[in-house]
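Everything below concerns the one structure shown next.
The values are calculated or read from the model by the stated rules, or taken from the named source; none is laboratory data. Being a predicted model, the structure only gives us computed values, none of them experimental. Every residue, glycine as well, gets a Cβ built from its backbone with ideal geometry; the counts of neighbours run over all protein chains shown. Accessible surface areas use protein heavy atoms only, side chains included; no ligands, DNA or RNA. Shrake-Rupley method; radii C 1.70, N 1.55, O 1.52, S 1.80 Å.
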Amino acid sequence: MYTSHEDIGYDFEDDPKDKKTLKPHPDIDGGWAWMMVLSSFFVHILIMGSQMALGVLNVEWLEEFHQSRGLTAWVSSLSMGVTLIVGPFIGLFINTCGCRQTAIIGGLLNSLGWVLSAYAANVHYLFITFGVAAGFGSGMAYLPAVVMVGRYFQKRRALAQGLSTTGTGFGTFLMTVLLKYLCAEYGWRNAMFIQGAVSLNLCVCGALMRPLSPGTDGDDPEGKEPHVLPAHSTESVQSSGQLGGAEEKGGGPGTEDSLGDMPAQACHEKAAHRKDMCAFRVLKTVSRLTMRVRKGFRDWYLGYFGTASLFTNRMFVAFIFWALFAYSSFVIPFIHLPEIVNLYNLSEQNDVFPLTSIIAIVHIFGKVILGVVADLPCISVWNVFLMTNFTLVLSIFILPLMHTYAGLAVICALIGFSSGYFSLMPVVTEDLVGIEHLANAYGIIICANGISALLGPPFAGWIYDITQKYDFSFYICGLLYMVGILFLLIQPCIQIIGQSRKKYIDGANV
């Protein structure tokens, strides 16, 4: 997905023998590459951070529209889910328009979604403006930020991705404080106006996504328009000279009349020439655009629908099943914790230091520490991945039993640290499918996470509407999450048993 010689970071250059050789790009692993990390860092702050802070607005929407918690939670879950689910389809825009243009358009659409949501008269209006429009804009800005970091780094790719994704934790902390302040001072509608203006910084982040080579991101490789002859071209001068010379030689009585008609004839020729060139440029632009769209669609189609072999990998299918339930256990606390705090009468303590901010801050350290531990030669990445998943499941089961701020803070810290396994997901995916299928496989996993984020918060809200408690929603999500982990554990055993059985049958036949 999205790979070319520009993406890999090498330019083709003619050597003295007219052969194509590879020359490392000077910005790979240095120079402008760190600006890509900075750009991606702020994209994570503005998109993922603001989405993780939507619990603040969820409380405001419940008070404003007096709808059920299940229905209201759809607004936040749509925004989160659409951002991730559309990831594979945003690849079509990247292949056609390039990362820079895609991110800038996404920033404009995301900002527009925030601003239009300030005029919401009901929850259903927010489904369209905030859930779909702002969510789609977030997806258009988010994926290019991840792709460009991968393009600019080879040796330090893991470090670069780790640094850029820490923006999620910083953003959750900052956006939670910002939205709480704006809602308290100006009301939630004006807060969304201001947040829409802040989201325009996504366009600045997109503008920083400079392609590695002049031909990258769909630009013309030469970067130049074909030279157009001016109106007074050499040919016209020669033809005029020949015409004048012929008439001078003729010397007839009509010579003066023909010379008098020359300016008007030249004006007509210039006008016709300009019309022809204008039509030529329009046709050339349309042809280029058509070719770019066709090429982009072909690359996108082959990248995602040409990977049917991925689904013959049973372990990868089990990994998809795990992803369908895993992300909701991380998202639900962010959406419903602010209201849970109100139900437990812990608002004053939570206002001093929000529980969601605890998750966000510890999440940053979790990503860094787990990444360092997983890189140790004596440690298996899979073991670290599974242990953190079990810790997260255990935290989800214990959370409903805590009714004090201190107890909830400890559990939130565990959730934040154990959820740092997100930084290990690309490594685990590569172990399953290989480096050649990593991009496509990871896009499918992210899409599955999006479905989990889409359905998890509304499900928790519906459970509360039925039971008047959030406890059962955490228990059910924890059980489903545990089933997904068990699939990851059981599938290798099934494969080993199948291989042993096949060897036994082959040996018996011999």
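Only helices (runs of 4 or more DSSP H) whose full extent lies in the range 158-256 are considered here, and the ones with at least 2 residues that are among the β-branched types (Val, Ile, Thr) and modelled with pLDDT of 90 or more are 167-199.
For the range 30-72, a residue qualifies if it is surrounded by fewer than 21 Cβ atoms within 10 Å (Cβ to Cβ) and small (Gly, Ala, Ser), and the qualifying residues are Gly30, Gly31, Ser68, Gly70. Counting residues in the range 412-423 that are of a type in the set (A, V, I, L, M), in contact with a helix residue (DSSP H, G or I) (Cβ under 8 Å, 6 or more places away or on another chain), open to solvent by less than 60 Å² (accessible area, probe 1.4 Å) and closer than 21 Å to Pro333 by Cα gives one or more.
So, Thr129, is that one in a helix (DSSP H, G or I), touching a Gly at 6+ places or on another chain (Cβ under 8 Å) and without any contact (Cβ under 8 Å) to a residue 24 or more places away in the chain or not? Yes; evaluated as a whole, the condition is true for this residue. For the range 365-381, filtered to residues that are open to solvent by less than 60 Å² (accessible area, probe 1.4 Å) and modelled with pLDDT under 85, the residue that is nearest to Pro333 (Cα to Cα) is Lys367. Among the residues of the range 366-392, how many are within 18 Å of Gln161 (Cα to Cα) and part of a helix (DSSP H, G or I)? Residues that pass the stated criteria total 11. Criterion applied to Glu430, Glu436 was being out of contact with any helix residue (DSSP H, G or I) (no Cβ under 9 Å at 6 or more places or on another chain), outside the structural domain of Gly81 (by the TED database), open to solvent by 20 Å² or more (accessible area, probe 1.4 Å) and at pLDDT below 85, and the one residue passing it is Glu436.
Summed over the range 36-58, residues that are of a type in the set (Val, Ile, Thr), over 13 Å from the mean Cα position of the chain (by Cα) and over 11 Å from Ser76 (Cβ atoms) total 1. For Val149, the conditions (1) open to solvent by 30 Å² or more (accessible area, probe 1.4 Å); (2) modelled with pLDDT under 90 all hold with the exception of (1).
Going through the range 460-475 one residue at a time, which ones are in a helix (DSSP H, G or I) and open to solvent by 60 Å² or more (accessible area, probe 1.4 Å)? Passing the criteria: Trp462, Ile466, Phe472, Tyr475. Across the range 476-489, which residue is modelled with the highest pLDDT among those that are under 21 Å from Ile340 (Cα atoms) and surrounded by fewer than 18 Cβ atoms within 10 Å (Cβ to Cβ)? Residue satisfying both the conditions and the ranking: Leu479.
Residue pairs whose Cβ atoms lie under 7 Å apart, separated by 6 or more positions or on different chains, with the first residue in the range 76-95 and crowded, with 24+ Cβ neighbours inside 10 Å and the second not in a helix (DSSP H, G or I), are Gly91/Met1; Gly91/Tyr2; Ile94/Tyr2; Asn95/Tyr2.
Within the range 130-143, not a single residue is open to solvent by 20 Å² or more (accessible area, probe 1.4 Å), over 10 Å from the mean Cα position of the chain (by Cα) and not aliphatic (A, V, I, L, M). Candidates are the residues of the range 387-400 that are among the aliphatic types (A, V, I, L, M) and closer than 16 Å to Leu324 by Cα; the one that is surrounded by the fewest Cβ atoms within 10 Å (Cβ to Cβ) is Val393.
Of all residues assigned to the range 449-457, at least one qualifies as being touching a Cys at 6+ places or on another chain (Cβ under 9 Å), at pLDDT 75 or above, part of a helix (DSSP H, G or I) and open to solvent by less than 10 Å² (accessible area, probe 1.4 Å).
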